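Accompanying notes for the structure given below.
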Amino acid sequence: MCGIVGYTGPRPVLPLLIGGLRKLEYRGYDSAGVALQTGVELVVAKAVGRLSCLEERVAGIPGDGFLAGMGHTRWATHGRPSDINAHPHGDCRGRFAVAHNGIIENYRSLRERLRGSGHHFSSETDTEVIPHLIEEAYRGDLASAVRSVAGLLRGSFALVAMAASEPGLLVAVRKDSPLIVGLGDGENFLASDIPAILEYTKSCYILDDGELVVADQRCVEVQDLTGRVRHKPVFQVPWDVAVAERGGYPHFMLKEIHEQPQAVRETLRDRIKEGELALDEFGLDGDAARALRRLHLVGCGTAYHACLVGKYLIEKLARLAVEVDLASEFRYRDPMVETGSLLVAVSQSGETADTLAALREGKRQGARTVAISNVMGSSITREAGSVFYTRAGLEQAVASTKAYVTQLVALMLLAVDLGAKRGTVPEAERAELIEAIQKLPELAEEVLKLAPAIDNLARQVAQWEDAFFIGRGLDYAVALEGQLKLKEISYIHAEAYAAGELKHGTLALIVERIPVIALATQPPVLDKMISNITEVRARGGRIIAVCSNEEELAPYADDLILLPACHPLLMPVLAVMPLQLLAYYAAVHLGCDVDKPRNLAKSVTVE
Ligand code: M6R
């Protein structure tokens, strides 16, 4: 969500900024802009739409001859997407430029006060107050001005500022929105995420909240908000440019779907040793696991769907009460979190504002906390008591796929581990589950071989206006994820229901040829599921069944997606993959922008 790139050094600044912004496109945006510093003045160009629109706009500006610059992709929060509302923003006389990610909650009162003292605003954004505040505070030292302005802002921000009168200088500050500093030789970078700078350096500082950076091409200084210097460890990025590219696939999403077997393999590596779980990362020894009375799982979107699977598994295997909350609801419902309970925050990016806030609420109420995240050094991982890293690798498509399955694996491991430690999973069952978990990568490879057949099926799906997904138990949780995938990238209206709920209302919508994707992978409820499928068929509904039991389901399905046999508790990992592929191919057939669906952002760093 929004992207920042800043550069100071000898390279041609403009192409570097545009290239960096392109690497951040996956975060989601609706307009883009750059500000370039000549040493005397600031040149600003902005355009609504894709980066190609900005490229057209800057066509007349030479790429080099600038000392520093910043680029920004904006995802609109305050003010519609437009040229004017795009960042960077300036003050009254064009002496300062600011690019900002986040939300300034008190911008209205600040703007009124600034207007009262004669400042003129040209945009509808919250951000524009910042350059005007800098204009007011500036006494020849940009770092001091930004420091004092940061003290006036409420909300979340990662912001970069430049002054026309301080050649080659970038000043940035962070609170609740990610920002990193790339360290080069005779050049330095700022960015909201690593891919933007990976082509140039793998060494960076990951800024903490309340840290301010003063960077020119020779040196980078990190300070706290009182101006005291902070000595930070240099983080070495463990992956390279090739990982961040599409590797021959037409879209990141398809690449990431096909990376799932490897992502699961990596997530399991060293966590099962000679048939035993080695899960110190959860920070729960036997006594702690036995003492637990309640566990909270929080997440948003796809991560929330992973939590629903987690609840089912943990309650079943560890006989521990689990509450699952949408992180965006958690802190506003006055939740009861007993001291000593465990709160697990699930977040691919580790930067989701709502999940971070839920984690903080859990901590405030005395819970132990664990993060399940895919991004090292992200905010949630730094604030949680313990961290379990999924090892899905960089996920760039907005639609989460490989991160989701590795979240499932993490929660499966946690459930088995808790069950073993609490004595609720007999030894033989534990061994059987661990063996079955280790087979998941191979089984996932088998499932992905269905891709061409699913592509075919997706041609029909692309004609649909509505779709229903149904399932029971674990299958219901997977149905929820399947419908989210379909609607977010193909824009086909989709809804998921617990199959037994249909007759309590939604069956009214099932008429001739209405498509229903029925997940039927759970033997204990298979008969019930078949009854629900027949209810749909009796009203003329068209069934696509996802199952591993051809004999039982074939008589009831118009189309069958057959999964390999697998332990029923692990089925969600396999069952979701055809749904991801179905959504992907349907979106491709409809000509949608698969990796960057409209209105959505990869990392949702605002509430
Ligand atoms: O980074 P997070 O896992 O915290 O993101 C949470 C959701 O925004 C995310 O899972 C979203 O629902 C997916 N991109 C949907 O595919």
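Using modelled backbone amide H atoms (1.01 Å from N, in-plane), which distant-in-sequence or interchain residues come within less than 5 Å of Leu179's amide H?
Leu207
Would you work out the relative contact order for region 21-139, in percent, from Cα pairs under 8 angstrom that are 6 or more residues apart?
Contact order relative to length: 25 percent.
Could you give the length gained on full extension between Arg139 and Glu432, defined as 0.36 nm per residue of separation minus the Cα-Cα distance, in nm?
This chain segment gains 98.6 nm when fully extended.
What is the local net charge at Gly340, summed over the other residues whose Cβ is closer than 13 Å to its Cβ (Lys, Arg +1; Asp, Glu -1)?
+3
Out of residues 5 or more away from Arg294 or on other chains, whose amide H comes under 5 Å of its own, with H placed 1.01 Å from N in the peptide plane?
Leu342
Enumerate by residue number the trypsin sites (Lys or Arg not before Pro) in region 394-454 meeting two conditions: DSSP loop (anything except H, G, I, E, B), and at most 15 other Cβ atoms within 10 Å of the site's Cβ.
Numbers: sites: Lys402, Lys421, Arg422, Arg430, Lys439, Lys449; in loops: Lys439, Lys449.
Here the trypsin sites (Lys or Arg not before Pro) that fit, given the DSSP loop and packing criteria, are Lys439, Lys449.
With the crude spin-label approximation of a point 7 Å out along Cα→Cβ, what separation in nm comes out for Thr506 versus Gln463?
Taking the simple label geometry, Thr506 and Gln463 are separated by 2.4 nm.
For a paramagnetic label modelled at 7 Å from the Cα of Glu105 toward its Cβ, which residues of region 323-341 fall within the zone defined by backbone nitrogen distances under 19 Å?
Those under the cut-off are 327-335.
Using C-alpha positions alone, give me the convex hull volume of the chain per residue in cubic angstrom.
On the way: hull volume 94.4 nm³, N = 607.
Cα convex hull per residue, to the nearest whole number: 156 Å³.
Once both axes come from the Cα atoms, what is the angle between helix 451-461 and the longest principal axis of the chain, in degrees from 0 to 90, rounded to 10?
Computed tilt is about 80 degrees.
Between Tyr491 and Phe121, 0.36 nm times their residue separation minus their Cα-Cα distance comes to what?
So the chain would gain 129.5 nm between Tyr491 and Phe121.
Once you order the gyration tensor axes a ≥ b ≥ c over the Cα atoms, which shape class does region 246-438 get: rounded for a/c under 1.5, otherwise prolate or oblate by comparing a/b with b/c?
Working: a/c = 1.94, a/b = 1.12, b/c = 1.73.
It comes out oblate by the Cα gyration axes.
Neighbour counts of other C-beta atoms within 10 Å: give me Ile61, Ile180 arranged from fewest to most.
Fewest-to-most Cβ neighbours within 10 Å comes out as Ile61, Ile180.
Could you list which residues have their amide H under 5 Å from that of Ile561, counting only those 5 or more apart in sequence or on another chain, with H placed in the peptide plane?
Result for Ile561 returns Ala545, Val546, Cys547.
Over 23 Å between Cα atoms, which of Lys449/Lys528; Lys316/Lys487; Lys402/Lys449; Lys273/Lys421; Lys402/Lys596 qualify?
Numbers: Lys449/Lys528 29 Å; Lys316/Lys487 31 Å; Lys402/Lys449 16 Å; Lys273/Lys421 17 Å; Lys402/Lys596 17 Å.
The answer is Lys449/Lys528; Lys316/Lys487.
Read phi for every residue in region 20-33 and hand back ³J(HN,Hα) as whole Hz from Karplus 6.51 cos²θ - 1.76 cosθ + 1.60, θ = phi - 60°, with x for Gly and Pro.
Going residue by residue, I get x, 5, 4, 5, 9, 4, 4, 6, x, 6, 10, 7, 8, x Hz, with x marking Gly and Pro.
Rule-based calculations on the coordinates, nothing more; no lab input. Owing to the predicted nature of the structure, the values given are computational and were not obtained by experimental measurement. Backbone-built Cβ (ideal geometry, glycine too); neighbour counts: all protein chains shown.
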